[in-house]
1. Does anyone have the angle between helix 97-106 and the longest principal axis of the chain? Alpha-carbon axes, 0 to 90°, nearest 10?
2. With runs of 4+ DSSP H residues as the only contributors, calculate the mean residue ellipticity of the chain at 222 nm using -39,500 (n - 2.57) per run, divided by the residue total and rounded to the nearest 500.
3. Enter the accessible area per residue of the chain (Å², integer; probe 1.4 Å; all protein chains in place).
4. For helix 417-430, what angle does its Cα long axis make with the longest principal axis of the chain, in degrees from 0 to 90 and rounded to 10?
5. How large is the charge dipole for the stretch 275-430, taken about the Cα centre, if only the Cβ atoms of Lys, Arg (+1) and Asp, Glu (-1) carry charge, to the nearest 20 debye?
6. Pull up the cross-link candidates among the aspartates and glutamates for LYS186, meaning alpha carbon to alpha carbon under 12 Å and not fewer than 8 places away within one chain.
7. When the accessible area of the chain is split by element with a 1.4 Å probe, what percent falls to carbon and sulfur?
8. Tilt of helix 21-36 relative to the longest C-alpha principal axis of the chain, in degrees (0 to 90, nearest 10)?
Amino acid sequence: MASTTTTDSKPHAVCIPYPLQGHVKPMLKLAQLLHSLGFYITFVNTDFIHDRLLKAASITCFADFRFESFPDGLPPCSDDSSQDGYLLSEACHSNFLDPLRSLVARLGSRHGDISCPPVTCIIADGMMPFTITIAEQIGVPGMLLWPTSVCAFMALKYHHLLKEKELVPVPEGQLDSIVEWIPGLKDVRVRDLPLVHAPNGLSPMREAAQAFKASGIIFNSFNTLEQDLLDAISSMYPSVYAIGPLQMLLNSTSSGGEHPESVIGSSSIWKEEAQCLQWLHSKEPNSVVYISFGSRVTMTQQQLLEFAWGICNSNYPFLWVIRPDLVKGRSARLPPELLETIEGRGFIVSWCPQEQVLDHPSVRVFITHCGWNSTVESISAGMPMICWPCHCDQPINCRYSCRKWGIGMEMGNGIERDAVEKLVREVMERGEKLKQRAVEWKKLAEEATSGNSGSSSMNLKKLVEALLG
Ligand code: UDX
């Protein structure tokens with residue numbers, strides 16, 4: 001797509017992420033990708049997310065890449081804390097459709113007061129399948145960007161079979177039985193399935209059940225990584241587009257254009273403490289442990305202490321992201337004697353530029369909760385993982401990372417400092433095989449996103465053709 005097209009004649013994609021950090025970030029990457037290919041973009045957040053992005057200075061508007069927002073109907077939240085997941089899910093299903101429908105109606109239509117090219121497609125988060133009706137009403141393609149791995153999507157899609165097989169609740173002794181009734185899944189235990197249920201009946205399983213109503217489903221994954229799952233879905237639903245890793249594809253696609261896509265923003269809703277990169281520059285190559293549990297995981301103060309002492313006692317330098325709301329119900333606090341012990345060896349931030357940290361030569365291993373964005377970023381950086389999955393899609397991402405892709409080692413559920421220390425030493429001192437596999441997967445990700453022949457590059461071409469209708 002020529003980037004010299006005048007704004008008025010550009011195809012116009014409306015991109016609507018679910019209002020959580022782990023959903024906003026991949027959607028912004030997809031929007032930047034389409035923008036680099038000549039699309040006009042309207043990026044739509046809730047007011048809460050929009051205000052946090054502005055406060056963290058994580059976004060920049062351009063004439064043909066604009067941000068809009070709408071009220072989520074929830075009570076105001078204190079700075080730096082996160083909104084309640086269940087309340088947000090309920091608000092999404094009760095309050096979002098009408099404001100989104102009227103916002104889209106204002107964009108570029110004859111009666112619209114927002115001057116921009118007419119909307120030619122809508123791409124929303126997989127958690128918001130109701131947006132498909134808005135696209136149908138204005139007669140444009142309505143696609144979903146699914147926020148998890150393909151394996152997690154399939155597990156969510158077939159979750160209803162758990163009841164038929166009397167596995168809800170899971171009987172004692174069945175947790176480790178292998179699931180053989182979900183297409184494409186191999187060597188997955190019952191305990192690895194996303195068994196999340198929200199009390200109000202809303203759960204990602206319901207959204208997965210509706211996903212096939214979309215004009216297409218987009219994944220931040222790539223063919224060689226999840227081939228069995230992609231084959232299983234494509235046999236039922238052909239409009240699947242695996243175009244990940246999104247950042248790698250963005251790097252290889254955007255020619256810099258009028259605004260190199262990197263200046264549009266990081267989409268972090270917390271201020272990134274980039275000074276940690278300076279600290280990393282002062283460390284030996286392959287010497288640092290990086291720890292981060294994403295934007296939603298919380299833990300008890302005791303778990304925090306067990307992690308902290310275990311990492312401290314491993315005697316390796318570490319960079320640890322401790323969000324303001326990491327510890328349930330209180331602000332995370334490390335004891336003074338521990339802070340003294342780690343002086344100069346441990347660097348603690350509340351939020352960091354994670355992709356730059358993972359790409360830094362001094363980082364050797366990533367202790368992660370296996371959120372899908374972190375998993376893809378770790379693969380993209382050729383970084384081995386120590387996995388501590390907590391909920392929803394994280395256990396199955398951990399299972400695949402450890403058993404199928406061979407790039408992770410799982411830390412048991414019960415966090416105990418000696419076990420943490422032992423596992424960190426294990427990977428730091430004898431983790432060559434993990435590192436080698438991680439570097440192999442990085443190469444496969446680079447192949448998928450390189451030039452015009454990579455699978456993700458070709459899938460992107462098909463996606464753009466489908467979006468242009
Ligand atoms: C949520 C769900 O928890 C996860 O299971 C699902 O796969 C996606 O949505 P989250 O828990 O936030 O995601 O984890 P993750 O998917 O890893 O996304 C976190 C994002 O925040 C990553 O893109 C990571 O690069 C970024 N991050 C994290 C930072 O930019 N800085 C940090 O300090 C920590």
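The values are calculated or read from the model by the stated rules, or taken from the named source; none is laboratory data. This one's a predicted model, so the numbers in the text were calculated from it and none came from an experiment. Here Cβ is always computed from backbone atoms with ideal geometry, including for glycine, and neighbour counts include all displayed protein chains. Quick note on the areas: whole protein, heavy atoms, side chains included, nothing else; ligands and nucleic acids left out. Shrake-Rupley method; radii C 1.70, N 1.55, O 1.52, S 1.80 Å.
1. 50
2. -11000 deg cm²/dmol
3. 40
4. That works out to roughly 80 degrees.
5. Its charge dipole is roughly 280 debye.
6. In chain and number order, the partners are GLU226, ASP228.
7. 53
8. That works out to roughly 50 degrees.
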